[in-house]
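To keep things clear, I will list the structure first and then write my remarks on it.
The values are calculated or read from the model by the stated rules, or taken from the named source; none is laboratory data. Quick caveat: nothing in here was measured; it's all calculated off a predicted structure. With ideal geometry, Cβ positions are generated from the backbone for all residues, glycine too; neighbour counts draw on all protein chains shown. Each accessible area value is taken on the protein alone, full model and side chains, heavy atoms only, with ligands, DNA and RNA left out. Shrake-Rupley method; radii C 1.70, N 1.55, O 1.52, S 1.80 Å.
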Amino acid sequence: MDAMRLIEATRCALARSQEPAAIVAEVWQSQALAQAIGHRLAVAGPPELRGEALGLSELSGRGCGLLDPPRSEAEEIRAAGLTGIGDAHNTLLGLGALLAEAGIALVSVAMGAEDEGLYWQCMESIDAADESRDRVVEMLRKLAARERTLGENDCEKCGGTVLEG
C-alpha cells in the first residue's frame, strides 16, 4: 500500500481510538510507519533527504521501543504493507500531521494516567514523536530548497528570468 493511504488509515484509526491502550497502540503504529517511511527515503529517496530520513527512521524506531506494541497478534502492523512513497512532499506533509496528532493523543493519555510508568512512557514517546516531526519538517525544508534549485536551473536552461518576490 502506498504511504499516503497508510498515513490516512493510521490517522483515522488514531482519531477513532478512545481507550488509552488503543491510543497507545495507534501511536505505536504511527511510529512504526514513520520508521518505515524514513527507512525507504534513506535508501531510495532524494539524496538531500537521506541523512534526515535515516535520523527519522532511528528516532521513530526509538519511539516504537518506548511503547508497548499492539497486543493482539491478529492486529496487523500497517507499516509492513508499505509498498511505495509516491510524492515525497505530500507524504511528508501527511506524516508530519500524523506525528503531531500522535503527540496530542499521548498528552491526553498521560493526563489521565493513574500509573506513573504509563505517564513517563507517554512523556518519552511525546518527545520521540516531536523529534520525528522535527526531522520531517527539515526534510520538507530540504525538498523546497531542492525544488527552488531545480526550478532556477530549468529557467536558466530556457533563458527565462527568475522573478523575486
Among (i) 1.36; (ii) 1.78; (iii) 1.16, the value of Cα Rg over 2.2 N^0.38 Å computed for this structure carries the label (iii)
Taking 0.36 nm per residue of separation between Glu147 and Val107 and subtracting their Cα-Cα distance, the length gained on full extension comes to 10.8 nm
Under the 7 Å Cα-to-Cβ spin-label approximation, Asp68 and Ala44 lie apart by a distance in nanometres of 3.6 nm
Quick shape check on the stretch 26-89: root eigenvalues a ≥ b ≥ c of the Cα gyration tensor, a/c under 1.5 is rounded, otherwise prolate if a/b tops b/c, else oblate, and it reads oblate
Averaged per residue, the 1.4 Å probe accessible area of the chain, protein heavy atoms only, in Å², is roughly 54 Å²
Note on the chain: helices (DSSP H) long enough, at least 15 Å by alpha carbon along their axis, and hydrophobic enough, mean Kyte-Doolittle at least 1.0, are 88-112
Carbon/sulfur accessible area of the stretch 11-88, % of total, 1.4 Å probe, equals 53 percent
When every protein chain stays in place and a 1.4 Å probe is rolled, Glu124, Glu116, Glu138 sorted by accessible area with the largest first are Glu116, Glu124, Glu138
Extension length gain for Asp134 and Asp87 (0.36 nm per residue less Cα distance), in nm, is 15.0 nm
